[in-house]
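Right, one structure below, let's go through it.
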Amino acid sequence: GAVVSQHPSWVICKSGTSVKIECRSLDFQATTMFWYRQFPKQSLMLMATSNEGSKATYEQGVEKDKFLINHASLTLSTLTVTSAHPEDSSFYICSARFGADRRSPLHFGNGTRLTVT
Amino acid sequence: DQQVKQNSPSLSVQEGRISILNCDYTNSMFDYFLWYKKYPAEGPTFLISISSIKDKNEDGRFTVFLNKSAKHLSLHIVPSQPGDSAVYFCAASSWAETSGSRLTFGEGTQLTVNP
């Protein structure tokens, strides 16, 4: 079945540094990938929609200069948290849709636990 | 504004019994609903879905019911098994010309099935 791989699974970084998270669709091509963020005991919040070959579409309230998204190929999207601060500590999850039909379920990566000290 | 709400943060049932997880939504533009299951330190996995033109969809032990007038859906698991213990997320989909298809998630319900 469709598999989405996310790396790293966890990362600890110092305040002010940048962290890159990779999301790969392993056995299918994904023209669109989605980046979510989850705080403890809260729902997954959509941060942005990553479109291959074009700019990402950010949700209201998400700083595009802070959360840089690059979708360079049909199998890879990256999220870079720039100048990270402790409040950016969270669980980040990417997902991709297998197939063009919007009703095809999203397949999720295993997430990245980011801790900023 | 939480458009998809799961009011029960946790649910505990005995093995073999029925588990019923509930979800309410406010946006009448939602026309497709999904349930995802999530284990700790893993991403959510798709479980079952239902279109707004239906009121029931069944897949093995899992059945989803949709009540459009009440803007309510529920997931029934019967019989419940210890391996079903996980967080269950309800999600709703709508289509917008500007942003395409988006999924809005509820807060999740932690299901614990006791042996």
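The values are calculated or read from the model by the stated rules, or taken from the named source; none is laboratory data. Remember, it's a predicted structure, so these values are computed and weren't measured experimentally. Neighbour counts are summed over all protein chains in view; Cβ atoms, including those assigned to glycine, are modelled from backbone coordinates with ideal geometry. The area values use the complete protein model at the heavy-atom level, side chains included, leaving out ligands, DNA and RNA. Shrake-Rupley method; radii C 1.70, N 1.55, O 1.52, S 1.80 Å.
Out of the range A:1-32, which residues are among the charged types (D, E, K, R) and either in a strand (DSSP E or B) or within 13 Å of chain B (Cβ to nearest Cβ) (or both)?
Kept after step one, since they are among the charged types (D, E, K, R), are these residues of the range A:1-32: A:14, A:20, A:22, A:24, A:27.
Within the range A:1-32, A:LYS20, A:GLU22, A:ARG24 qualify.
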Residue ranges of strands (runs of 3 or more DSSP E) in the range A:33-117 with at least 2 members touching a residue at least 60 places away in the same chain (Cβ under 8 Å) and either touching a strand residue (DSSP E or B) at 6+ places or on another chain (Cβ under 6 Å) or more than 10 Å from chain B (Cβ to nearest Cβ) (or both): A:76-81, A:90-97, A:106-108, A:112-116
Those residues of the range B:100-115 which are at pLDDT below 95, open to solvent by 40 Å² or more (accessible area, probe 1.4 Å) and within 11 Å of chain A (Cβ to nearest Cβ), in sequence order: B:ARG102, B:GLU107
Subset of the range B:26-56 that is touching a strand residue (DSSP E or B) at 6+ places or on another chain (Cβ under 7 Å) and away from chain A (no Cβ under 12 Å) - its residue that is surrounded by the most Cβ atoms within 10 Å (Cβ to Cβ): B:PHE30
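Hey, can you tell me all the residues within the range B:57-68 that are open to solvent by 20 Å² or more (accessible area, probe 1.4 Å) and over 20 Å from B:PRO79 (Cβ atoms)?
Residues of the range B:57-68 open to solvent by 20 Å² or more (accessible area, probe 1.4 Å): B:57-62, B:65, B:67-68.
Those that are open to solvent by 20 Å² or more (accessible area, probe 1.4 Å) and over 20 Å from B:PRO79 (Cβ atoms): B:ASN67, B:LYS68.
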Whichever residue in the range B:1-20 is touching a Ser or Thr at 6+ places or on another chain (Cβ under 6 Å), of a type in the set (S, T, N, Q) and assigned to a strand (DSSP E or B) and, among such residues, is farthest from the other protein chains (Cβ to nearest Cβ): B:SER19
Selection within the range B:62-96 - more than 14 Å from every other protein chain (Cβ to nearest Cβ) and either polar (S, T, N, Q) or touching a helix residue (DSSP H, G or I) at 6+ places or on another chain (Cβ under 8 Å) (or both): B:THR63, B:ASN67, B:SER69, B:SER74, B:ILE77, B:SER80, B:GLN81, B:SER85
Residue within the range A:61-77 that is surrounded by 13 or more Cβ atoms within 10 Å (Cβ to Cβ), modelled with pLDDT under 90 and among the aromatic types (Phe, Trp, Tyr) present: no
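Looking only at the range A:12-30, decide whether some residue is of a type outside the set (Ser, Thr, Tyr), farther than 22 Å from A:SER73 by Cβ, touching a strand residue (DSSP E or B) at 6+ places or on another chain (Cβ under 6 Å) and open to solvent by 40 Å² or more (accessible area, probe 1.4 Å). Give the steps one after another, and end with the answer.
Going through the range A:12-30, the residues of a type outside the set (Ser, Thr, Tyr) turn out to be A:12-14, A:16, A:19-24, A:26-30.
The next check asks that each one be farther than 22 Å from A:SER73 by Cβ; those that pass are A:12-14, A:16.
Next cut, touching a strand residue (DSSP E or B) at 6+ places or on another chain (Cβ under 6 Å) only: A:12-13.
Subset that is open to solvent by 40 Å² or more (accessible area, probe 1.4 Å): A:12.
Yes - at least one qualifying residue is present in the range A:12-30.
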